[in-house]
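Participant: For reference, the structure I am asking about is given below.
The values are calculated or read from the model by the stated rules, or taken from the named source; none is laboratory data. Just so it is clear, the model here is predicted, and its values are computed rather than measured. Counting neighbours? That spans all protein chains shown, and the Cβs are built from the backbone with ideal geometry, glycine included. Just so you know, the surface numbers come from the protein's heavy atoms only, side chains and all, with ligands and any DNA or RNA stripped out. Shrake-Rupley method; radii C 1.70, N 1.55, O 1.52, S 1.80 Å.
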Amino acid sequence: MTIKRFGEGSDLDDEALILFENFGITVYLAQLYEGFLSNILTGLERLGAIEIPKEARRDNIGYVDENLGSMLRILLDQSQVDRATIRLLRKAHFQGDLLVHRFMLENIQDTA
């Protein structure tokens, strides 16, 4: 199996390729963070430490399948989390929103 570089053979210049590659890697890491939080919430629920609201979305095997903000609210409302961890989780949520919802909109003109 040959691994191809993103945009290989395209007319995108090197700077644009680097921007898109870094954006893709960062979004992937943000999705991993969201998946880890889903695993934590589902595990805490199965241990009986928290209750997930009945209206919360689930995937096909029963894991919490909510967006990051909803999962963060569930965790913070029902568990004993120290202030430093709360700040870190909220910052990660804010940074994820900035990345996904604003970064490309604000920076796409610089890739032309």
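Participant: If I filter the stretch 47-65 for residues that are part of a helix (DSSP H, G or I), of a type outside the set (Asp, Glu) and out of contact with any strand residue (DSSP E or B) (no Cβ under 6 Å at 6 or more places or on another chain), do I get at least one hit?
Facilitator: No, the stretch 47-65 contains no residue that is part of a helix (DSSP H, G or I), of a type outside the set (Asp, Glu) and out of contact with any strand residue (DSSP E or B) (no Cβ under 6 Å at 6 or more places or on another chain).
Participant: Let me ask something else. Quick one: in the stretch 1-31, which of the residues that are of a type in the set (A, V, I, L, M) and open to solvent by less than 60 Å² (accessible area, probe 1.4 Å) is nearest to PHE94 (Cα to Cα)?
Facilitator: ALA30
Participant: Of everything in the stretch 51-73, what is open to solvent by 50 Å² or more (accessible area, probe 1.4 Å) and touching a residue at least 24 places away in the same chain (Cβ under 8 Å)? Give them in sequence order.
Facilitator: GLU51, TYR63, ASP65, ASN67, listed by residue number.
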